[in-house]
Each structure stands twice: as structure tokens, then as C-alpha cells.
Amino acid sequence: MAETLLEQTRGLHEDMEHFERVICKDLKQETKSHKDKLFQSHRVRKRLDQIQESARKLIKIYEDEDKARKEEIEALGGEDKVFSKFYDRLKEIREYHRKFPNHELTEAEDDTPLLKEEPHVEFTGEEGLGRYLDLHDLYLRFLNLTRQQQAGKGAGKKGKGGGAGADDDGAITRVDADGAEVAEGAGGGAQEKAFEYYEYLTSFSDFSGVPRAQQMSKGFSEYLEALLGYLTGFYERTQPLAQLGRTLKKVEEDFAPRWEAGQVAGWEDRGVPAAPSASGLELEAFSSAEELEILGADRLKEALTQLGLKCGGTTKDRAARLWLTRDTPLEKLDRKHFAKGVVPPCVAADPAAAAKATAQARAVALLEVKVRKMAELLVNVIADTKGKVEKKQAQTYEEMQAELAEAEAEVAAPDDEEEDDFVYNPLKLPLGWDGKPIPYWLYKLHGLNQEFKCEICGNQSYWGRRAYEKHFKEYKHQQGMRSLGIPNNKMFYEVTKIEDALQLWKSIQDKAKGDFKPDDEEFEDAAGNVYSKKTYEDLRRQGLI
């Protein structure tokens, strides 16, 4: 039987309802471990994707751009040749069932395979099924990128005034004014030890200390794209039901007006910093570049930095570069003298060049904002990862081996749990905290074999005296008493019959109305003898009782 558009429409609606039922059944399943919860979320995500795919097909059918659906409906309801079309359709159906006689159309689908499906989700050993981040490769990439930037600054020049260079092992060294080499870390500052992985985890989303020259480089943009790609991929693997696409789209929408207003942190100049106008030195007071060398390397570096010029090299090189600005305006100075990341005045004056620099800066700034947003979403995972790194750094070799063996045991644990799923319980005893039946002697001790029924609670059964006494204060019994119009107080304790409760309430109301006669009041003496009030008072006055 060839599928018509109407049959396809019915089938797609049926598939969507089926997937919805499967999602409900899956979410009702109890998950015992982090792995089970993760697999359940991925199964639900897959069913939601299938529902969306069916919905897209239905929308296309209902839009009916080729008018095929309209023609099919008209063919079913047309007045001409109604019987011939009916018998043609009947013939088609009979032919289908003749070819497939054993096809049971009403057979219920078995959802068990869908509920037991284990989606393929890749995690590295460091990630631990989504509990931790694995940023080692990106850490090394950032470290090499920073070293290359610093090596480019130094250009291997070392002199008496101070400079920077690269050692044979790749570490960056800085030479101070006294000629001593000081190790310098990935952040650009002097450190006694290398930039560690733990520090990277703490500050990988903080770009405030990254120089503008490094931010505008191609390598840094590629690093940001790789970092954002890893964080988004990790988040989608660990939180498959989260709407990450919507979150990042909202980040882009909020970023646009802030960028135009110059409110993005670190990018207030929108990638085109204002051209420096003065170095803070009166160059007219000097007659040559050699006299400028008297100021020293640090003062020359400060003046060059204020002008946005390169500040590397020896003291002589710095003095010569600064001397150029004495008679040559910055707008006419060659671009090669300006530091990386600084837009020369000649470029800033060119609208096309300025627009290109702004576009490049905007792309980098947007990547930084997205990385910061992902760090906010993964703040708990980052904290757990830092804790793991600290623990790993303090572990001995034997402790690492023991932890590895424990992890391997956890992988094999689910097989044992599946074997223990069936619990032999012929007496239908209650289950304890460990999921196994409690001992029979304890069952008898607490009287759990005694059944107490409460008509007020809708003939609810309570097993054991403790549960029975406790239920009088529970909501269900209170609601039943409220329905009868009776207050639930101590006078109705252990009253479970509706008739008894009503009679007791009526007698209490009668006493409250004054139908109670004082003469009917009875008194009891110490020996247990009961007298009327008058007789009791007479005997008491005579001292007989």
C-alpha cells in the first residue's frame, strides 16, 4: 500500500506521540549513578531531536507548496466517480494485505530497547564522564603562544640596558639593568617558576592581562576558537538537555549594543586606541640621540610605550627610535616603528583600515565574552577540576595506582549491580535502607504484620502500631475529618469509623448547648465507689470519705 500524504501525516503524528511516551517512561526510571543519569539525558535529547525532525516534516506537508495535499483531499471528497475511487482504494488495500498477510498493524511497540539504549558519548580519562575539564592541550597551546609573543619582543637582543630573549629550552628570560637573567612566565611577568596548569585553570577566562598585540594576533584568535569549541562541546556532552544555542545567541544579542557603546571590558576603544600625542619628554632640550641614552633604558621604554612605539632592543636602539619623533609627526612615521596591536595614526585616519581593525577586534572580543560565559556555566566543574589537580599534585605514585585500580573497579561495578537487581522476598517483607528485606524477627517486633484500617482515610490500611498512631496527624486523615466537618483534636484520637466520629461530635455539641444536667454528675472516692454529686458532698462533709 503506497503511502499517501495523509498517511504520512498520520504516521508522523503517531511517531511524535510515541516518542513523547518514551520520554515520559525514561524520565520515570530511577537512575542510580552519574553515568545512568548522563545516558538518560542523552536518550531524552535524541527523542526530542526526533520529535523536532517529525515536526519539520509536518510543517512542510501542511504548507503544501506543491498543492499535493489539497489535491489528495479533493480526490477523497469529490462528487464525480466517488464509487470508482472508493473501489480503487479498496483494491489497493486488499493487494497490500495479500502481499503482507502477517503484518499486524495494531501490534504494540516494545519500548524496552529504547529505554535501555546506551548512547555513545566520548570522554577522555581526565574528564571522568563529564566531572572534570581536560584543558592540557589548550594550556600548552596558550603557553607556546605566549612564549612566541615574548620571544618576538626580545628578538634575541640582550644588552646592558635590558632586553628579552629565548633560552635553548624554550623558556623566556628577561635581562634586567644589572645584566642578570630573570625567568619570565606565560603571563608576561617575572616569576620564579613556570606558569602552572592550576593557575591556567584559575584564569583561563580572564583576558585582562593579555597584551593587545597578542589579542590581535591570528594565533590568539585560533586559540580562542579552539577553547570555545572545547567548552561548548563539553557542556553539550554533559548537559544535553540545556539550550546552549539560545544562551550563546542571547550573549551575542547583548554584546552588540555594548560593543557599539564601548562598554566591553578591555575593548572600550573598540580595537582602535586613541593615537598618543606626547611622550612626556621635552626632546628639544637634547641635541642628539646619544644624549637621550643618559635617561636610561627604563625611562626611554616608558616614553616609547606612551607613544605606542616599539620599546625593545638596546638603550641605543630605543634612543634612536624616540629621536625620530622630535622632527617627524607620528602621522608621517613609518608603520614599522609602532608596536604590534597599536593602530598607527596613519592607519586610524584611513576609514577602510580602521574598519578592518575594528572588525577584527570585535570578533576577538566576542570570542572572549563567550568563553567567559561558558566559564560561568561550568563554574562547578572548574572548581572540581582544580581540586582534582591539587590532589593529584600531592599524591604519591602508590596513591595514584590505588586510585586507578578503584576507577577500574567502578567500571566493572554495573555488571554486579545488574545481577543483584532481583531480590528474593516471598514473605513480602518491607525493604531496608540497603534495598533488601528486613529480618523477619524485626518485622514481628514492630508489629508490621498487624493491619489497621481507617474508614475516615478511605479504608486506608496501615501496617504496624507506629504507622497507625502516626497517621492521625497526617494530612490525609486531617482532610477526611475536615470533610466530615469535625475538628481533628485529641478527643477523636483512635476514632477510625465515620459513624463513631459523628456520634462523638454530636454528643460534644449537645454538652456545649447546655443539655448536660449537673445532677447527673458522678464522683468517685479513693476506694473506687461511685456516688452522685449530692451524696458525695454529704459524705465528705461528714468525714466519712
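Quick notes on this one:
- Measuring nothing but protein heavy atoms, the accessible surface of segment 5-120 at 1.4 Å probe radius is 53 percent carbon and sulfur.
- Added length on full extension, which subtracts the Cα-Cα distance from 0.36 nm per residue, TYR493 to VAL530: 10.6 nm
- A simple packing score, the average count of other Cβ atoms within 10 Å per residue, orders the peptides 228-237, 425-434, 53-62 as 228-237, 53-62, 425-434, with the highest score first.
- Interatomic Cα distance distribution for segment 440-514, bins of 10 angstrom, percent: 18, 45, 24, 10, 2, 0
- With all protein chains kept in place, the per residue accessible area of segment 357-408 amounts to 58 square angstrom at a probe of 1.4 angstrom.
- Taking HIS42, HIS471 and ordering them by how much accessible surface each has at a 1.4 Å probe, largest first, produces HIS42, HIS471.
- Taking a straight Cα-Cα cut-off under 23 Å and skipping sequence neighbours fewer than 8 places away in the same chain, the lysines within cross-link reach of LYS373 are LYS218, LYS249, LYS250, LYS386, LYS388.
- Peptides 211-220, 111-120, 452-461 ranked from most to least packed give 211-220, 452-461, 111-120, packing being the mean of other C-beta atoms within 10 angstrom over each peptide's residues.
The values are calculated or read from the model by the stated rules, or taken from the named source; none is laboratory data. Computed from a predicted structure; not experimentally measured. Every residue, glycine as well, gets a Cβ built from its backbone with ideal geometry; the counts of neighbours run over all protein chains shown. Only protein heavy atoms, including side chains, enter the accessible area calculation; ligands, DNA and RNA are left aside. Shrake-Rupley method; radii C 1.70, N 1.55, O 1.52, S 1.80 Å.
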